[in-house]
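What follows is a short report on a single structure.
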Amino acid sequence: MSAASTDYISANLRRTILRMAYSGSTVHIACAFSLVEILAVLYRQHLRLGSGPKDPERDYLILSKGHGVMAQYACLHELGWLSEKHIQDYCTDGTALKGLSDADVPGLEVNSGSLGHGLAVGAGLAMGALRRGTSQKVYAILGDGECNEGSIWEALLFASHFRLTNLLVIVDANGYQAMGSTAEVMNMGSLEQKFTAFGFEACTIDGHDEALLDKTITRLVKSSFSGPRAIIARTVKGKGVSFMEGSNLWHYSRLNEKTYQDALAELEKIEVGVSR
């Protein structure tokens, strides 16, 4: 797939996120935008989805940073697992789609958003699949701010000790968390070095380069390494809309009519540029 077509798809996914956030008057737009390429590549090229969200043999995707769930909903909408009405009714009274990952939604594995728990669930699913002798893989997506949580490191030790070769952890390293930059709140140093020290095969890449994401995921999944694997994906919080990029204000800010239209206009320029 060409770079132009991936730009087009990413712009479409971000537009769906904007529609949800505007309809529901909700926050967490920027942390969903940083995830878009990671999730798009996984859903389009790597996750074995079988007959649908209830297929017991499908691969698992754990969104541990559950506050970024609009990006996952946008992908599920693209797959046809969520309807247009789901998107329009996001975070309104009686809706199935809430502002955090909810396991009651088909295709979502965990209730997350209370951070630090999803990886442990993913490690358990990976261990269960190995014991059952299935070929299922588990992809767990963390935030770099979430890596402050001690439960993350317990789960990493567990995954390494039990040699969970079917587990791939992807850290959405956008450099921010709720109350500031990750460097200011809790400087973690090199996450790649830490994952390696904990027994993972790990690397650091550009988390918005879809071709590189695809190549790296393929390489790690096929690796002969005898333990779990990890990608530190360097991303930009708010990626795709200039006034949101690198601004932690958009962790909590809500769209008004002007900012909604301005953001849509920027994404429209991407689509027009691709189509020429």
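Worth a mention:
- Here the helices (runs of 4 or more DSSP H) wholly within the range 175-276 that include at least 3 residues being acidic (D, E) are 257-275.
- Scanning the range 168-195 for residues that are farther than 16 Å from L220 by Cβ, aliphatic (A, V, I, L, M) and open to solvent by less than 30 Å² (accessible area, probe 1.4 Å) returns a single hit, A173.
- Within the range 181-212, the set of residues being of a type in the set (G, A, S) and either within 15 Å of I232 (Cβ to Cβ) or modelled with pLDDT under 95 (or both) comprises A183, G189, S190, A197, A202, G207.
- Condition check for S83: open to solvent by 10 Å² or more (accessible area, probe 1.4 Å), hydroxyl-bearing (S, T, Y), out of contact with any Phe, Trp or Tyr (no Cβ under 8 Å at 6 or more places or on another chain) and modelled with pLDDT under 95: no
- Of residues in the range 45-74 being without any contact (Cβ under 8 Å) to a residue 40 or more places away in the chain and open to solvent by 10 Å² or more (accessible area, probe 1.4 Å), the one nearest to the chain's Cα centre (by Cα): L49
- Failed item in (1) under 22 Å from I29 (Cβ atoms); (2) crowded, with 17+ Cβ neighbours inside 10 Å; (3) not acidic (D, E), with T92 passing the rest: (2)
- Residue under evaluation K237, criteria (1) in contact with a Phe, Trp or Tyr (Cβ under 7 Å, 6 or more places away or on another chain); (2) of a type in the set (D, E, K, R); (3) modelled with pLDDT under 95, criterion not met: (3)
- Count of residues meeting criterion [open to solvent by less than 60 Å² (accessible area, probe 1.4 Å), closer than 18 Å to T16 by Cβ and touching a residue at least 40 places away in the same chain (Cβ under 8 Å)] in the range 225-266: 9
- In the range 28-44, the residues that are open to solvent by 30 Å² or more (accessible area, probe 1.4 Å) and not in a helix (DSSP H, G or I): H28
- Screening R163 on (1) assigned to a helix (DSSP H, G or I); (2) closer than 23 Å to A197 by Cα; (3) open to solvent by 60 Å² or more (accessible area, probe 1.4 Å) shows it passes everything except condition (1).
- Residue list for the range 167-202, filter: within 18 Å of the chain's Cα centre (by Cα) and more than 27 Å from I29 (Cα to Cα): L167, A202
- Taking the range 196-213 as the range and being among the charged types (D, E, K, R), more than 15 Å from L156 (Cβ to Cβ) and buried (at least 19 other Cβ atoms within 10 Å of the Cβ) as the test, only E210 passes.
- Long-range neighbours under 6 Å by Cβ, at least six apart or interchain, first residue touching a residue at least 40 places away in the same chain (Cβ under 8 Å) within the range 106-118, second polar (S, T, N, Q) and surrounded by fewer than 22 Cβ atoms within 10 Å (Cβ to Cβ): G116/S151
- Residues of the range 131-145 that turn out to be over 21 Å from L42 (Cα atoms) and either among the acidic types (D, E) or assigned to a helix (DSSP H, G or I) (or both), as a count: 3
- Some residue of the range 104-121 being on the phi > 0 side of the Ramachandran plot, assigned to a loop (DSSP other than H, G, I, E, B) and open to solvent by less than 10 Å² (accessible area, probe 1.4 Å): yes
The values are calculated or read from the model by the stated rules, or taken from the named source; none is laboratory data. Everything numeric here is computed off the predicted structure, so don't read it as measured data. Because the Cβ atoms are built from the backbone with ideal geometry, glycine has one as well, and the counts that use them run over all protein chains shown. Surface areas here come from the heavy atoms of the whole protein model, side chains and all, with no ligands, DNA or RNA. Shrake-Rupley method; radii C 1.70, N 1.55, O 1.52, S 1.80 Å.
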